[in-house]
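The structure under discussion appears below in the form of structure tokens.
The values are calculated or read from the model by the stated rules, or taken from the named source; none is laboratory data. Predicted, not measured: the structure shown is a model, and the values here were computed from it. Using ideal geometry, Cβ is built from the backbone for each residue, glycine included, and neighbour counts are taken over all protein chains shown. Just so you know, the surface numbers come from the protein's heavy atoms only, side chains and all, with ligands and any DNA or RNA stripped out. Shrake-Rupley method; radii C 1.70, N 1.55, O 1.52, S 1.80 Å.
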Amino acid sequence: MKRHLVLFSVVAGMLCLGLPTAFAQADGKGKRAAKGKAPIFKSGIVKQGAVNIDVDITGAQQLWLVVSQGEHGYNCDWADWAEPRLIGPSGTVKLTDLKWRQATQGWGDTRVNLNAAGKPMRIAGQPVAFGIGTHAPSVIAYDLVGQNFTRFQARAGLDNGGTDQNGGAEVEFLVFTERPPGEYLQAARDQAAVSASERGSGPEAARESLQSLTTAPGLAVSLFASEPMMINPTDMDIDHRGRVWITEGANYRISPRMNKPWGEQRPGGDRIVILEDANGDGAADAGKVFYQDPTVNAALGICVLGRKVIVSSSPYVFILTDTDGDDKADKRELLFLDNSPGDHDHAMHAFVFGPDGKLYFNFGNGCAQLRRPKGGTKELPLNGPVTGIEWEIVTDLAGNQVNANGKPYREGLVFRCNLDGSDVETLGWNFRNNYEVAVDSFGTLWQSDNDDDGNKGVRINYVMEFGNYGYKDEMTGAAWKTPRTNLEKEIPYQHWHQNDPGVVPNLLFTGAGSPTGILVYEGRLLPKRFQNQMIHCDAGPRTVRAYPVQPDGAGYQAEMVDILTSSDSWYRPADVCAAPDGSIYIADWNDAGVGGHNMADRDLSKMRGRVYRVAPEGHKAATPKFDFTSAGGCAAALQSPNLAARYLAWTKLHELQGQAERELLKLWNGSDARMRARALHLLARIKGSEQKYLGQALRDKDADIRITGLRIARERKLDVIPYVKQLAQDPSPQVRRECALALRHHTSPEAPALWAQLARQHDGKDRWYLEALGIGADRQEAKYLAAWLEAVGNDWNTPAGRDILWRSRGVNALPYLVKIVTDKNTPEAERPRYLRALDFFPKSPEKDAALVEITLGALK
């Protein structure tokens with residue numbers, strides 16, 4: 001009876017108020033340990049020795065350790081958190097066994113089991129068993145989400161490294177369970193900026209920093225370039241000659257709206273720099289300025305395509321062209337605009353060249369529209385502000401204006417378009433700050449996405465085309481903390497609405513971080529476990545990782561493997577690219593912090609920035625010589641791990657058409673599936689040969705080749721119905737996934753029956769497959785569902801059938817959802833799932849009738 005009353009009160013209340021049927025769910029964590037921003041511990045001024053800390057942190061999701069300097073300034077204020085412990089029902093955990101989310105200090109580094117200078121910790125002459133050494137002003141933050149600790153215990157004291165200098169050290173220790181007031185954070189940042197000038201800079205200091213780097217087994221790291229040759233690398237690309245192109249961020253966050261104190265650091269604007277290893281010793285010995293202008297301050301993306309360079313610098317995307325080959329831009333065109341004010345990390349990111357000859361790119365939730373100059377790409381004066389542009393909002397190939405306003409897209413988006421910016425497709429939406437997108441040879445998309453900082457929800461996504469990725473409520477745009485029916489129990493899953501129908505699942509959670517550049521490494525130089533896998537930079541935890549993936553149903557599963565980490569808290573990897581010889585290069589912003597629109601390096605003469613080269617031990621740098629004048633030379637270059645080389649090869653081979661067929665067939669008939677896919681993309685674009693090669697691809701024994709063929713047919717706007725018929729019973733759920741996506745917006749009278757055939761193969765366990773079915777039914781949900789209902793008849797009430805009805809947006813699903821909710825055999829724990837599904841139907845007489853029937857059923 002209690003359940004019936006709950007259902008009645010909730011549903012009836014929603015009917016009266018016109019609200020969606022969402023239950024407000026408690027998170028089960030209890031009350032927070034502290035309200036507002038008051039510290040739960042405050043030591044008072046400490047001038048010698050240590051103070052004991054033992055505080056209640058029950059329910060805390062965060063732990064902030066703050067050391068403020070006394071009135072004398074920050075001289076000699078070396079501070080130790082000694083023997084810090086977290087205690088909970090499961091026992092005691094050393095705080096030093098956890099990784100902090102962020103750490104900022106006034107001098108030196110924050111270190112585990114060492115003081116700020118990297119020496120053994122001592123308080124009042126006595127060694128510290130374990131602890132965290134830092135220097136005031138200091139802020140150290142930990143995530144405790146899901147940990148269920150109840151007490152924090154430690155000793156907090158002055159380290160002998162400071163007190164032995166007799167400089168009048170005095171500090172105050174504070175503990176918070178919520179973000180501290182801004183003055184503590186800003187004091188730590190400001191003093192870090194001051195102390196930055198005390199750190200060594202220049203090539204010698206950069207070489208010394210190599211000692212702090214750790215590579216995966218079998219790999220070695222070397223320094224390719226450092227300050228002053230370039231500084232603050234925000235993004236990077238490598239051309240076919242092995243030259244490294246850097247966008248700089250000396251003028252990071254200087255717009256008046258950011259209200260930052262450091263102001264313009266490089267008069268004349270930031271630079272795009274070309275770094276070259278002319279003598280082949282593996283280190284840059286020459287640098288050139290390709291372009292400099294305030295419109296490319298801290299540009300977040302660069303893509304080198306021969307003599308054309310696409311630069312993403314919100315609110316603009318420029319094409320800069322070197323028309324005469326002197327390595328200087330002498331033509332500037334405007335390709336796209338977004339509607340952001342710019343000067344923000346959540347804006348337009350890098351463009352990449354795909355195996356289909358298209359461009360792929362994305363922007364974060366700092367943008368809300370994609371615009372183009374009226375009439376197409378617009379030539380501009382070479383330098384100076386962008387003025388007098390008539391623009392229009394892009395309408396994508398689905399007929400939608402590209403607005404992130406919920407009609408239908410929200411938040412961060414990912415796109416594909418032609419090289420001239422035409423035929424834009426919106427490939428995914430509802431990300432927070434999807435920093436870059438990477439595309440493999442089969443045309444599969446991968447990217448990272450940052451959470452609302454501090455929720456351990458940074459994620460890696462396989463981007464199933466046309467999917468919703470769940471950052472905000474699809475229907476209302478509500479933030480993830482807003483109570484809703486069927487709320488997930490764990491915060492990372494809550495964050496991305498993983499229990500909502502219509503949300504594509506995440507591939508992998510990577511915890512707390514600040515994800516940046518990503519690539520799919522399709523070279524043969526690195527060890528085998530990194531080949532054909534994502535390689536990704538995460539500047540927050542100071543690591544470059546690989547994410548080896550394996551097929552899992554219609555989707556994938558992945559793991560994390562570190563490639564390049566550092567004990568230096570200034571190591572901030574911003575981007576990773578593959579060179580023509582197969583080595584990878586990593587751009588290191590090199591700063592004390594990351595995120596928060598802040599930087600510690602604020603003196604142009606001492607700003608840092610490094611580029612590292614990672615390759616097998618003993619491998620000597622050597623850039624291959626490419627021949628882009630012949631079909632054979634281009635076919636060889638098409639196999640390069642370097643995207644710039646592949647672009648030049650693809651362009652020439654496509655231009656040659658049938659004259660390139662013989663060389664491409666050598667790849668197509670080979671054994672390497674990725675090289676075969678690259679050849680297929682071109683063979684299927686030889687006029688008159690499309691059907692021939694797509695037919696071969698769809699009969700191929702390799703599922704990835706069959707997938708590639710179907711994608712090409714879709715992109716070429718061929719009639720996909722015969723191909724879907726051929727593949728609808730394919731043994732690979734990933735191939736059938738692509739069949740479902742191919743039916744999206746298809747008006748053929750045969751499409752509903754084909755969709756029903758695919759739907760009948762859903763096993764009730766594969767969320768990837770289910771979401772592919774949902775995407776494929778977009779705009780035709782009722783028609784497609786009717787075909788399935790006719791096919792299954794009375795056998796709809798199975799785990800798989802309930803799944804399909806839960807995901808469907810067809811109005812004819814409503815009577816079945818009512819039956820499921822009111823069925824006494826439906827487990828109590830499952831009812832909220834089906835009630836939540838009702839939220840995704842717009843208001844209609846059918847929905848009202850369904851809610852009334854549920855209410856009446858609850859009263860019986």
Given (1) 36; (2) 47; (3) 40 as possible values of percent of Cα pairs over 41 Å apart, the one from the coordinates is (3)
For Lys620, counting only aspartates and glutamates whose alpha-carbon sits under 14 Å away and dropping same-chain residues fewer than eight positions off, the answer is Asp277, Asp281, Asp581
Per the Kirkwood formula over distinct C-alpha pairs, the hydrodynamic radius of the range 759-857 in angstrom is 13.7 Å
Residue-normalised value, i.e. accessible area per residue, for the chain at 1.4 Å probe, in Å², stands at 37 Å²
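Give me the orientation-averaged projected area of the Cα convex hull of the range 220-356, in nm², one decimal.
Values: hull surface 39.4 nm².
Projected area, direction-averaged: 9.8 nm².
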For the table Lys37/Lys99; Lys456/Lys489; Lys378/Lys407; Lys308/Lys378, the rows whose alpha-carbon distance is greater than 19 Å are Lys37/Lys99; Lys378/Lys407
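So which of Lys42/Lys260; Lys666/Lys725; Lys288/Lys331; Lys47/Lys606 end up more than 24 Å apart by C-alpha?
Working: Lys42/Lys260 30 Å; Lys666/Lys725 30 Å; Lys288/Lys331 17 Å; Lys47/Lys606 34 Å.
From Lys42/Lys260; Lys666/Lys725; Lys288/Lys331; Lys47/Lys606, over 24 Å: Lys42/Lys260; Lys666/Lys725; Lys47/Lys606.
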Taking the convex hull of the alpha-carbon atoms of the range 719-776 and averaging its shadow over every direction gives an area in square nanometres of 3.4 nm²
Only helices counted: for the chain, with every DSSP H run of 4 or more residues adding -39500 (n - 2.57) and the sum spread over all residues, [θ] at 222 nm is -6500 deg cm²/dmol
For the range 100-170 the trypsin sites (Lys or Arg not before Pro) that pass both the DSSP coil test and the at-most-14 other-Cβ-within-10 Å test are none
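Report the far tail of the P(r) of the range 466-555, meaning the percent of Cα-Cα pairs longer than 21 Å.
Details: 1929 of 4005 pairs.
Of all Cα-Cα pairs in the range 466-555, 48 percent lie more than 21 Å apart.
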For Asp235, the residues 5 or more places away or on another chain with a placed amide H closer than 5 Å to its own amide H are Thr247
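Quickly rank 481-493, 733-745, 233-245, 544-556 as a protection proxy: mean count of other C-beta atoms within 10 Å, highest first.
Details: 481-493: 17.6, 733-745: 23.2, 233-245: 25.0, 544-556: 19.2.
The packing order, highest mean first, is 233-245, 733-745, 544-556, 481-493.
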Whole-Hz Karplus couplings 3J(HN,Hα) for the range 556-569, θ = phi - 60° and coefficients 6.51, -1.76, 1.60, Gly and Pro as x, run 9, 10, 9, 10, 10, 9, 5, 10, 9, 10, 8, 8, 7, 5
In the chain, helical segments from DSSP H whose Cα atoms cover 20 Å or more along their own axis and that average at least -0.5 on the Kyte-Doolittle scale are 2-17, 182-196, 845-859
Residue-ordered couplings for the range 269-281, obtained by feeding phi - 60° into the Karplus form 6.51 cos²θ - 1.76 cosθ + 1.60 and rounding to whole Hz (Gly and Pro as x), are x, 6, 10, 10, 10, 9, 10, 10, 9, 6, 9, x, 8
Of the accessible area of the chain, computed with a 1.4 Å probe and all protein chains kept, carbon and sulfur make up a percent value of 50 percent
Reduced to Cα centres, the span from the range 798-822 to the range 675-714 in Å works out to 37 Å
Computed for the range 592-673: size of charge dipole around the Cα centre, +1 on C-beta of each Lys and Arg, -1 on C-beta of each Asp and Glu, debye to nearest 20, value 360 debye
From the Cα centre of the range 493-516 to that of the range 81-118, the distance in Å is 28 Å
Phi angles of the range 390-404, converted by Karplus (6.51 cos²θ - 1.76 cosθ + 1.60, θ = phi - 60°) into ³J(HN,Hα) in whole Hz with x for Gly and Pro, give 8, 10, 9, 5, 5, 9, 7, 5, 7, x, 9, 5, 7, 10, 8
As straight-line cross-link partners of Lys765, the qualifying aspartates and glutamates (C-alpha separation under 17 Å, not fewer than 8 residues apart within one chain) are Asp500, Asp552, Asp803, Glu830
